[in-house]
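So the structure is just underneath, and the comments pick up after that.
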Amino acid sequence: MQYPLARDILRSFSGRGIPAIPIQRYMDVFGRSHQRFSFQKNSPSVILAVKHGNFVYPGAPVCQDFGNAHFYYTSFALNCPFDCEYCYLQGMYSCAHIVLFVNLEDYFAEIRRLLSEHPVYLCISYDTDLLALEKMTGFLSGYTKFAAKQPQLTTELRTKSASYLSADSAQTANLLSPEVRSRIIHAYTLSPDLVIAKFEHHTPALSARLKAIRSAALEGYPVRLCFDPLIYIPDFEQVYSDFLDTVRTGLDGVPIKDASVGVFRIADSYLKQMRKSRPDSALLQFPFENTAHVCHYGPRSHEMIQFVLRKLDGWLSPNQIFTMNLQEVSP
Ligand code: SF4
């Protein structure tokens, strides 16, 4: 088979008795209209596909660049094994099946081309959760091998999993040299357990994520804490105060590279689709304000962010904390 990654994934599936169905084009399945995203989420299929066209995109202005001049993102996969009620993917796609692009070499060629021009800061886990998928896909093992040979490449690996790029997934010791690890930022999105239980379905508990953070830091990976999205819930201040105390205590002595803080906000076109898909979601049915087609909590957004910043004060220094662009939520 032309693509070793596809061969390995198919072999692992067939070993577990999971049948493969050949299709012509992934969009014949993924792009069909009138699909039921929330229904498919209960038991998503996996679609192996070859990507064409663009492989790497400039970072969107709404995404935090963390001070990096050459900020890009890429999508090796579409959709995620988790099921967060606020996830924008359910507004973006009509299909919840997970697409895995297997032509990694084409991605690598494009990243190499960019690296020939300047250093690259690349976010690779935006439209999915690659760490959560790693046992099934082995993507990160392949990507790390490539990244290890690109000293000008810094990677952000965002996750809600209780995992990290462990020594187990590396092929050679060199892959996990301190220099390579220092260029693979593990960015953990953290929420209070109450928010996890209500809205971040199938994701690990806070304690498990904190444990993974400790391990990742111990292994020499830079760790980023993402307090984004903050969700407005009854007793917001009490719940988030307890949560931030737990995080701080749980990560006592752990070196933290930086943190991001932002509230839930979403394009109005996505929200419309998400509300249709989850008519009973209190989170999505909130009477949001709409500014330039972005739905948000209005002035409350600023208060929520300020509250979290006050809680982080004395633990993380101001130059370690990146807040979302508040103009997005200024009516
Ligand atoms: S972990 Fe991220 S990508 Fe996955 S469902 Fe939740 S919000 Fe979406």
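Since every read-out is calculated from the coordinates, none of them should be taken as a lab result. Everything quoted here is computed from the prediction, not taken from an experiment. All Cβ positions, even for glycine, are placed from backbone atoms using ideal geometry, and neighbour counts span all protein chains on display.
For the chain, what proportion of DSSP beta bridges, expressed in % and rounded to the nearest 5, is antiparallel? Intermediate values should be presented prior to the final figure.
Details: 12 of 41 bridges.
Around 30 percent antiparallel, to the nearest 5.
Enumerate the lysines that Lys198 could reach by cross-link, defined here as Cα to Cα under 22 Å, with residues fewer than 8 away along the same chain left out.
Lys41, Lys160, Lys211, Lys272, Lys276
If you wrap region 177-331's Cα atoms in a convex hull and average its projection over all directions, what's the area in nm²? Walk me through the numbers before you get to the answer.
On the way: hull surface 39.9 nm².
The Cα convex hull of region 177-331, projected and averaged over all directions, gives 10.0 nm².
Wrap a convex hull around the Cα atoms of region 1-125, take a quarter of its surface area, and give that in square nanometres. It would help to have the intermediate numbers written out before the result.
Working: hull surface 37.4 nm².
Result: a mean projected hull area of 9.4 nm².
Among 218-224, 98-104, 178-184, how do they line up from the highest to the lowest mean number of other beta-carbon atoms within 10 Å? Write down the numbers at each step before the final one.
On the way: 218-224: 18.1, 98-104: 21.6, 178-184: 16.6.
Put in order of decreasing packing, that is 98-104, 218-224, 178-184.
Mind listing P(r) for region 49-94? All alpha-carbon pairs, 5 Å bins, whole percents.
5, 15, 20, 22, 22, 14, 2
What is the sum of charges around Gly250, taking Lys and Arg as +1, Asp and Glu as -1, for the other residues whose C-beta is under 13 Å from the C-beta of Gly250? Show your work: numbers first, answer last.
Working: positive: Arg209, Lys211, Arg214, Arg248; negative: Asp193, Asp242, Asp245, Asp252.
My count for the surroundings of Gly250 gives 0.
Given an 8 Å cut-off on Cα distances and at least 6 residues of separation, report the relative contact order of region 4-329 as a percent. Mind showing how you got there, number by number?
Working: 526 pairs, mean separation 50.9, N = 326.
Relative contact order of region 4-329: 16 percent.
Note down the magnitude of the dipole of region 4-329 about its Cα centre, charges +1 on Lys and Arg C-beta and -1 on Asp and Glu C-beta and zero elsewhere, to the nearest 20 debye. Write out the running numbers ahead of the final one.
Numbers: 32 positive and 31 negative charges, 171 e Å.
The calculated dipole for region 4-329 is roughly 820 debye.
Do any cysteines of the chain lack a neighbour Cys whose Cβ is under 4.7 Å away, and which are they?
That list is Cys63, Cys80, Cys95, Cys123, Cys226, Cys295.
Set Lys and Arg Cβ to +1 and Asp and Glu Cβ to -1, take the dipole of the chain about its Cα centre, and tell me which of Thr154, Leu5, Val294 lies farthest positive.
Leu5
Could you tell me which of rounded, prolate or oblate describes the chain, using a ≥ b ≥ c as the square roots of the eigenvalues of the alpha-carbon gyration tensor, with rounded for a/c under 1.5 and, failing that, prolate when a/b is larger than b/c and oblate otherwise?
Working: a/c = 1.59, a/b = 1.18, b/c = 1.35.
Oblate shape, in that a/c is at least 1.5 and b/c is the bigger or equal ratio.
Mind jotting down the distance between the C-alpha centroids of region 143-164 and region 3-73, whole Å?
18 Å
Which peptide among 21-34, 189-202, 229-242 comes first, and what is the full order, when sorted by highest mean count of other Cβ atoms within 10 Å? Don't jump to the answer; show the numbers that get you there.
Working: 21-34: 10.9, 189-202: 18.7, 229-242: 16.3.
Top of the packing list down: 189-202, 229-242, 21-34.
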